[in-house]
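Presented below is the structure to which this report refers.
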Amino acid sequence: MSLDLTSASRQIQNMAQNISARESDRIKRIEAAISAAKNFDLKSYESVRRNLAELGQTTTLIEDSPSKAFSSPNLPKNLIVAAVDGSHIDVDRHLAAQCFLINIGSCLIKYGDDSYAELQTKPTLYATDENMVIKSADNRLKEFRGLY
């Protein structure tokens, strides 16, 4: 059975609307996590950890409060960080639409004077017959469809 792209598209639109509607709940959860970190009682945790250890169970050792601040290393006044990431959705031979998608994300962050951030994502859908072949070094073509 092939994928109903119209139905999937409607579901994706609904998902996007739901994400926007749930934003305030997400912010509340983040605030609750920050509050829990700030109010973390290391002594109570240590008591619980010891009791669990006596029962043969272990927990991760937390030596400092999660809200403890650490001094940062000496960094240059101006610093630029760049990163890239990629992902893909492969060809699904069971779909009526023979296609694949490659997504490239990039990030450029400048710290210091005139700080800024550039975040980009570039999804590219490949869906033509020409896209469904791999050209080898000797110019022979191999169809994706025939590989599996």
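Within segment 24-74, how many residues are under 30 Å from residue 110 (Cα atoms), part of a loop (DSSP other than H, G, I, E, B) and small (Gly, Ala, Ser)?
The total comes to 4.
Looking only at residues in segment 70-92 that are among the hydroxyl-bearing types (Ser, Thr, Tyr) and surrounded by fewer than 10 Cβ atoms within 10 Å (Cβ to Cβ), which one is nearest to residue 3 (Cα to Cα)?
Per the criteria, the residue is 72.
On the given criteria, is residue 77 at pLDDT 85 or above, part of a loop (DSSP other than H, G, I, E, B) and either at negative phi or in contact with a helix residue (DSSP H, G or I) (Cβ under 6 Å, 6 or more places away or on another chain) (or both)?
Spelling it out, residue 77 is indeed at pLDDT 85 or above, part of a loop (DSSP other than H, G, I, E, B) and either at negative phi or in contact with a helix residue (DSSP H, G or I) (Cβ under 6 Å, 6 or more places away or on another chain) (or both).
Kindly evaluate residue 27 against the criterion of being surrounded by 10 or more Cβ atoms within 10 Å (Cβ to Cβ) and under 21 Å from the mean Cα position of the chain (by Cα).
The answer is yes for residue 27.
Go over the candidates 95, 125, 101 one by one and state the one that is within 24 Å of residue 3 (Cβ to Cβ) and assigned to a loop (DSSP other than H, G, I, E, B).
After applying the criteria, what remains is 95.
Looking only at segment 102-148, which residues are modelled with pLDDT under 90 and of a type in the set (A, V, I, L, M)?
Within segment 102-148, 127, 132, 133, 134, 137, 141, 147 meet the criteria.
The values are calculated or read from the model by the stated rules, or taken from the named source; none is laboratory data. Here the structure is a predicted model, which is why all the values come from computation and not from measurement. Backbone-built Cβ (ideal geometry, glycine too); neighbour counts: all protein chains shown.
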